Amino acid sequence: MALAACGGPYSALAPAGPVAANVALLWWIMAAGATIIFLAVFVALAIVWRRPALLGAAPERRLILWGGLALPGAILLLLLAAAFVLGERLVAAAREDEGAIEVIGRRWEWSFRYPGAAGAVSTGTLHIPAGEDVAFRVISEDVIHAFWIPRLGGKIDAIPGHVTRIRLRADAPGVYGGVCAEFCGTDHAAMFFRVEAHPPERYADVLAGLARETGQ
Amino acid sequence: MTERMTDPDAPPATPTPPSEPPRLSPIRLHKALSAAWGTPPGLGRLSAVNHTVLGKRFIIAAFVFFAIGGALAMLIRVQLATSETAFVGPDVYNQFFTMHGSVMMFLFAIPMFEGFAIYLLPKMLGARDMAFPRLTAYGFWCYVFGGAILVAALVAGVAPNGGWFMYTPLTSSTYTPGINSDVWLLGVTFVEISALTAAIEITVSVLKLRAPGMSIDRMPIMAWYLLITAFMMLFGFPPLILGSILLELERAADLPFFDPLRGGDPLLWQHLFWLFGHPEVYIIFLPAAGAVSMMIPTFARHELVGYRTVVVAVMAVAFLSFGLWVHHMFTVGIPHLALAFFSAASGLVAIPTAVQIFAWLGTIAAGRPRYDVPMLYLGGFLAVFVIGGLTGVMLAMVPFNFQAHDTHFVVAHLHYVLVGGFVFPMLAATYYWLPHITGRACERRLAVPAFWLIFVGFNLTFFLMHLTGLAGMPRRVWTYPESAGWDGLNLLSSVGGFLTAMGFALFVMDIVVQLRFGRRFRRNPWQARTLEWATPTPPPAYAFAALPRIADRADRLDPGAIGVALARGEGYLGFDRDGRMETLAVEMASGAPQQVVVLPKPTYLPLATGLATGAVVLALLFKLYLVALLGLAATLALFLAWTPSCGARADSGPLPIGMGETAPPHWEAARPPSWWAMVFTLAADATLFGSLLFGGVFLAVVGPAVPAPPIVLPPALLIGAGAALVAGAAAAAFAVRRLVAGRSPAAALLAALVLPLAAVALLLPVIGGLGDPTLHASRAVTFVTLAYLILHALIAALFAGFGLWRMRAGFLSATRSLDLRLGALWHGYSAAAGIAGLAFLCGLSLLGVVLPAVPGVEGGPP
Ligand code: HEM
Ligand SMILES: [Cu+2]
Ligand SMILES: [Cu+2]
């Protein structure tokens, strides 16, 4: 059953891009660490209950000092460092909007506007080039939504009155699932979208085709 | 030992204290005190103000709401059991999860801990009741009526449906035109009144109403936890109350606080909500941790180790929790540095939490642990809560948060924290203190299988849900396609949910069995060492026949011996003085006895006042604003009706309190409980006002830069109004000086009445000249700020008028100046808020002029 989480079109644990891969790696590190800490707490409980003598005389202060202060402190420092390194790519979102695909959330569908492609727009399907960083500029036309492609990487909210930005990359051409993660009313559950990552050399054609469709 | 008026001008207090009432035999003492403290039978029960009665009522009501929230959880799990279930549609499902979350947080968790606190605190501290019994009752009615409104809306199919954090613009009138959102905003705010009254009561009761000799560093650890929690509530709830008021104003009167097209910002709601919402989680956890810290020592047969360290750790948690709210908003596009800061701070709370856990483990190591039912549930608490804490640290890591946020991973995490950190400890606490309530010992037969059902069912439901979330399932979806691959996990979660429900059903049966068939015991069945076990069990209305003198830390006592002595009337106040309900107030730090607090008798006034407040809420809900105004007037009049039974018409001077000592009645003391209550009320009020000013600055500086129409603030009127408020405060202070010096305060009071009214007269044209407040958020903020100041000036005038009335009615003298001092506090605050508010408005209008010209303002419109 645990494997079920690792597959599937929306699984953050089946990464298809570097951002999601880093987070998946971070997750497995944290899951292992958490298991160890959890077991350690219960080993500690068993010892204090049954064999407090193992801890030597007057163990209370040492327990509080090591278990409460030193150990969690050290683990936190390590974890923050790891998260910083692994998350750098995600957090360092593009600062300028040049070349960014505009993502428009509205109840209950997603539209995508492609820059420099003669007004190409698509709704429900996002086209991106594979193997390249793609910048997104996310806005909303009504309530708050959240733009999320689990297999590529983290989500970002679409907030009326704000522009938010995120940068993602699909390593290989293919089709990926996208969802709306922020509750937005009646059809929130139906606000899926489809992501098609195209080989870079074909991407311009795809956009041109879209522009033609949009123009009609 | 006793405290007098500190004013040097004060004349000497009345000499020759009256003699002590006669000693009675234990039986006659019990009879006399029961007659004085008892709640009338029959319909008279509605007039109850006693903490034992009301604590039980709070707990029972909270359990009822827990059952309602649990039933909703089961309906949610039915709907999610398989993909594309045709059980309910989105419109019903959205009400289900919104109500499930809101009921659990506002109608179960908070009131449940309040009930435990109200029932236990006075007994743990060696007092006969809470500081403000009528306020307890009023809070109870506000809670029950507010909860009833929410549940009625659910039955009527118009329940809130925007999620328990009610994000705008989804909950605005554009996207939720029905009354669903109003039900939440008004109903929950109504319930919050009870949270605030409880916070004030707990704070004052812990600080003042303790047994003599119980210095602050001797308090039972639970009192520390509750004190710190109550402080957090004083500062945590006002931002939510303010946010609710603003959102309701936006919905009802179109004031655009959150509308980005008119200079508002939906993120302001999120900041206000989580400024409350994050501390809220600790407000729920800390009292439960306090209960854990009481139970573990009993079963470890060793006092809590690291008492001081634990107190410091709890303070650290409280402090940190106010700096973490942004971790609920990592994905709204906040700056890099802020992400790093809030991420690190969020991880940091793990440390004081770990300190507490290891203090508990250390206590077990130092003692000779003994197994019993509460310990079993505490084992469940430890396992579940530790997992919740670990996933919490994971979520604090920004990159992981970007993936897991708003998925079922978060649903799993929050249930591990809330069920682990609150429900399991409360189940343990129920088994631990139920014998105190019933006088019957705890049986094991059903308690153990109930535990295993709940524990296994819970973990089956929620452990798997971590994976469901990582598999990409967002929270708050009413259905999902089969192709998503979430079926198997969800089905197992639903099975787990029903096992949990069966466990709770068994628990309820067990409680009924224990109530009916439990074995009676005499005193202290767990051999605990804290004072609540020194009352007879079940406890009489007066709790203690006499109040003990505490000479050691309050978790090293022998309740058996103390209880016997107290029942004989050996101690303070071990007598009946004219049927009055008396308890002692002590000096905060040292615990030296200081005042005789005379408590009010049972009365229907809290019920009537609660009904009137409920009428206001209902009128607002149905947009009958005239009726709301009438209801408000009725509420105010009823509150004034509470006062004639307070204070006295003649000076009394120090009274004998037993043990050869004397103390004045509280209304003749310098700092009685009500004085502190006023101070804490004003602190909460100032937090509310501060949140408003924060909102104004936030909108002006980081909100969408929509050019604001000019705001005209005539300087002469503003300066005049500020001056009038300050002069009014000076007059109120002068009135106190006159009274204490033995002269008539009438003229000064009259000035304190007229000057705030003059300020109102000056501010009304400012509001009138503002122009349409619906045009732009900056105008709406200005409007609300001015309205806030006007309201405070009006109440200040009311206080002065009240002072005049009390003077004419003979309640005031040089030693009985409390009424005027309370009024002076209010006046002082109103003046300070006036200065701050008016200066803020001037700054805001300057910013409004300057800001649109500043380039590069973050978050401009698309
Ligand atoms: C043990 C029985 C419980 C079960 C089976 C359960 C189940 C659930 C489920 C499935 C959701 C997610 C709904 C969704 O996102 O679509 C949820 C949400 C929630 N639950 Fe529970 N729950 C239980 C107990 C509790 C308790 C004891 C508390 C609090 C003390 C609580 C507080 C919440 C909150 C705050 C939410 C979020 C609501 C929202 O998204 O607006 N739950 N619960
Ligand atoms: Cu959505
Ligand atoms: Cu939080």
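Yes/no per residue for (1) over 32 Å from the mean Cα position of the chain (by Cα); (2) of a type in the set (S, T, N, Q); (3) more than 20 Å from B:Ile437 (Cβ to Cβ); (4) surrounded by 20 or more Cβ atoms within 10 Å (Cβ to Cβ):
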residue	(1), (2), (3), (4)
B:Pro538	no, no, no, no
B:Tyr542	no, no, no, yes
B:Leu547	no, no, yes, yes
B:Arg553	no, no, yes, no
B:Gly571	yes, no, yes, yes
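When the residues of segment B:578-601 are filtered to those that are touching a helix residue (DSSP H, G or I) at 6+ places or on another chain (Cβ under 9 Å), open to solvent by less than 40 Å² (accessible area, probe 1.4 Å) and in a loop (DSSP other than H, G, I, E, B), which remaining residue is nearest to B:Ala36 (Cα to Cα)?
Across segment B:578-601, the extreme among qualifying residues is B:Gly579.
Looking at segment B:483-500, which of the residues that are open to solvent by less than 30 Å² (accessible area, probe 1.4 Å) and closer than 14 Å to B:Gly70 by Cα is nearest to the other protein chains (Cβ to nearest Cβ)?
B:Gly496
Within segment A:137-149, count every residue that is among the aliphatic types (A, V, I, L, M), without any contact (Cβ under 8 Å) to a residue 40 or more places away in the chain and more than 7 Å from every other protein chain (Cβ to nearest Cβ).
1
Those residues that are of a type in the set (Ser, Thr, Tyr), open to solvent by 10 Å² or more (accessible area, probe 1.4 Å) and in a helix (DSSP H, G or I), I need them from segment B:771-813; list them, please.
Here is the first cut: in segment B:771-813, the ones of a type in the set (Ser, Thr, Tyr) are B:774, B:778, B:782, B:785, B:788, B:813.
From what is left, the residues that are open to solvent by 10 Å² or more (accessible area, probe 1.4 Å) are B:774, B:778, B:788, B:813.
The answer is B:Ser778, B:Tyr788.
B:Leu699 versus (1) of a type outside the set (D, E, K, R); (2) buried (at least 23 other Cβ atoms within 10 Å of the Cβ); (3) in contact with a His (Cβ under 6 Å, 6 or more places away or on another chain): which is the lone unmet condition?
(3)
Name the one entry in B:Val679, B:Val616, B:Val712 that is in a helix (DSSP H, G or I) and open to solvent by 40 Å² or more (accessible area, probe 1.4 Å). I'd like the intermediate steps shown before the answer.
Values: B:Val616 fails: open to solvent by 40 Å² or more (accessible area, probe 1.4 Å); B:Val712 fails: in a helix (DSSP H, G or I).
That would be B:Val679, the only listed residue that is in a helix (DSSP H, G or I) and open to solvent by 40 Å² or more (accessible area, probe 1.4 Å).
Could you tell me whether any residue of segment B:178-188 is β-branched (Val, Ile, Thr) and under 21 Å from the mean Cα position of the chain (by Cα)? Steps first, answer last, please.
First, the residues of segment B:178-188 that are β-branched (Val, Ile, Thr): B:179, B:183, B:188.
Applying the additional criterion that residues be under 21 Å from the mean Cα position of the chain (by Cα) yields B:183, B:188.
Yes, segment B:178-188 contains a residue that is β-branched (Val, Ile, Thr) and under 21 Å from the mean Cα position of the chain (by Cα).
Might you check whether a residue that is touching a helix residue (DSSP H, G or I) at 6+ places or on another chain (Cβ under 9 Å), more than 16 Å from ligand 3 (Cβ to nearest atom) and within 14 Å of another protein chain (Cβ to nearest Cβ) occurs anywhere in segment B:46-66?
no
Here are the criteria: (1) within 30 Å of B:Arg444 (Cα to Cα); (2) at the interface with another protein chain (Cβ under 7 Å from one of its Cβ atoms). Tell me which single one B:Val355 does not satisfy.
Of (1) within 30 Å of B:Arg444 (Cα to Cα); (2) at the interface with another protein chain (Cβ under 7 Å from one of its Cβ atoms), only one is false for B:Val355: (1).
Hey, among the residues in segment A:191-209 that are within 16 Å of ligand 2 (Cβ to nearest atom) and open to solvent by less than 20 Å² (accessible area, probe 1.4 Å), which one's farthest from A:Val121 (Cα to Cα)?
Selected residue: A:Met191.
List, please: which pairs have Cβ atoms under 8 Å, are six or more places apart or on different chains, and start with a residue in segment A:150-174 that is without any contact (Cβ under 8 Å) to a residue 12 or more places away in the chain and part of a strand (DSSP E or B) and end with one that is among the hydroxyl-bearing types (Ser, Thr, Tyr) and open to solvent by less than 50 Å² (accessible area, probe 1.4 Å)?
none
Conditions tested, residue by residue: (1) touching a residue at least 24 places away in the same chain (Cβ under 8 Å); (2) assigned to a helix (DSSP H, G or I); (3) polar (S, T, N, Q); (4) open to solvent by less than 30 Å² (accessible area, probe 1.4 Å).
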{"position": "B:Gly388", "(1), (2), (3), (4)": "yes, yes, no, yes"}
{"position": "B:Leu395", "(1), (2), (3), (4)": "yes, yes, no, yes"}
{"position": "B:Gln403", "(1), (2), (3), (4)": "yes, yes, yes, yes"}
{"position": "B:Met426", "(1), (2), (3), (4)": "yes, yes, no, yes"}
{"position": "B:Ile437", "(1), (2), (3), (4)": "yes, yes, no, no"}
{"position": "B:Phe463", "(1), (2), (3), (4)": "yes, yes, no, no"}
{"position": "B:Thr468", "(1), (2), (3), (4)": "yes, yes, yes, yes"}
{"position": "B:Thr479", "(1), (2), (3), (4)": "yes, no, yes, yes"}
{"position": "B:Met502", "(1), (2), (3), (4)": "yes, yes, no, no"}
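When the residues of segment B:296-328 are narrowed to those that are among the hydrophobic types (A, V, I, L, M, F, W, C) and touching a Ser or Thr at 6+ places or on another chain (Cβ under 7 Å), which ends up nearest to ligand 2 (Cβ to nearest atom)?
By that ranking, first place goes to B:Leu324.
Name the residues in segment A:147-190 that are in contact with a His (Cβ under 8 Å, 6 or more places away or on another chain), modelled with pLDDT of 95 or more and within 13 Å of ligand 2 (Cβ to nearest atom), would you?
A:Asp157, A:Ala158, A:Cys180, A:Ala181, A:Glu182, A:Cys184
Of the residues B:Phe698, B:Phe680, which single one is within 18 Å of B:Leu209 (Cα to Cα) and in contact with a Leu (Cβ under 7 Å, 6 or more places away or on another chain)?
Going through B:Phe698, B:Phe680 in turn, the sole match is B:Phe680.
Spot the failing condition for B:Ala81; the list is (1) closer than 26 Å to B:Phe498 by Cα; (2) under 20 Å from the mean Cα position of the chain (by Cα), and only one is missed.
Here B:Ala81 clears every test but (2).
How many residues does segment A:128-137 hold that are β-branched (Val, Ile, Thr) and either within 15 Å of the chain's Cα centre (by Cα) or at pLDDT below 95 (or both)?
1
Give the residues of segment B:526-536 that are open to solvent by less than 40 Å² (accessible area, probe 1.4 Å) and outside any helix (DSSP H, G or I), sorted by residue number.
Answer for segment B:526-536, where residues must be open to solvent by less than 40 Å² (accessible area, probe 1.4 Å) and outside any helix (DSSP H, G or I): B:Trp526, B:Ala528, B:Thr530, B:Thr535.
For segment B:469-482, which residues satisfy the criterion of being more than 7 Å from every other protein chain (Cβ to nearest Cβ) and closer than 15 Å to A:Pro150 by Cβ?
Answer for segment B:469-482, where residues must be more than 7 Å from every other protein chain (Cβ to nearest Cβ) and closer than 15 Å to A:Pro150 by Cβ: B:Gly469, B:Met473, B:Arg475, B:Pro481.
Within segment B:14-52, track down each residue that is touching a Lys or Arg at 6+ places or on another chain (Cβ under 8 Å) and open to solvent by 30 Å² or more (accessible area, probe 1.4 Å).
Matches in segment B:14-52: B:Pro26, B:Thr39.
Conditions tested, residue by residue: (1) modelled with pLDDT of 90 or more; (2) assigned by TED's automatic domain parsing to the domain that holds A:Pro18; (3) surrounded by 18 or more Cβ atoms within 10 Å (Cβ to Cβ); (4) under 14 Å from B:Ser343 (Cβ atoms).
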residue	(1), (2), (3), (4)
A:Trp49	yes, yes, no, no
A:Pro52	no, yes, yes, no
A:Leu55	no, yes, yes, no
A:Pro59	no, yes, yes, no
A:Leu63	no, yes, yes, no
A:Trp66	no, yes, no, no
A:Ala70	no, yes, no, no
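Does B:Gly236 satisfy the criteria of being in contact with a helix residue (DSSP H, G or I) (Cβ under 8 Å, 6 or more places away or on another chain), modelled with pLDDT under 95 and surrounded by 22 or more Cβ atoms within 10 Å (Cβ to Cβ)?
no
Scan the helices (runs of 4 or more DSSP H) fully inside segment B:75-184 and keep the ones with 3 or more residues being without any contact (Cβ under 8 Å) to a residue 24 or more places away in the chain and open to solvent by 10 Å² or more (accessible area, probe 1.4 Å).
Values: elements: B:90-102, B:110-125, B:133-155.
Those helices (runs of 4 or more DSSP H) span B:133-155.
Looking at B:Pro644, is it at negative phi and assigned to a loop (DSSP other than H, G, I, E, B)?
no
The values are calculated or read from the model by the stated rules, or taken from the named source; none is laboratory data. None of these values were measured; they are calculated from a predicted model. Quick reminder, even Gly has a Cβ in these numbers, built from the backbone with ideal geometry, and neighbours come from all protein chains shown. The accessibility values were calculated without ligands, DNA or RNA, using every heavy atom of the protein model including side chains. Shrake-Rupley method; radii C 1.70, N 1.55, O 1.52, S 1.80 Å.
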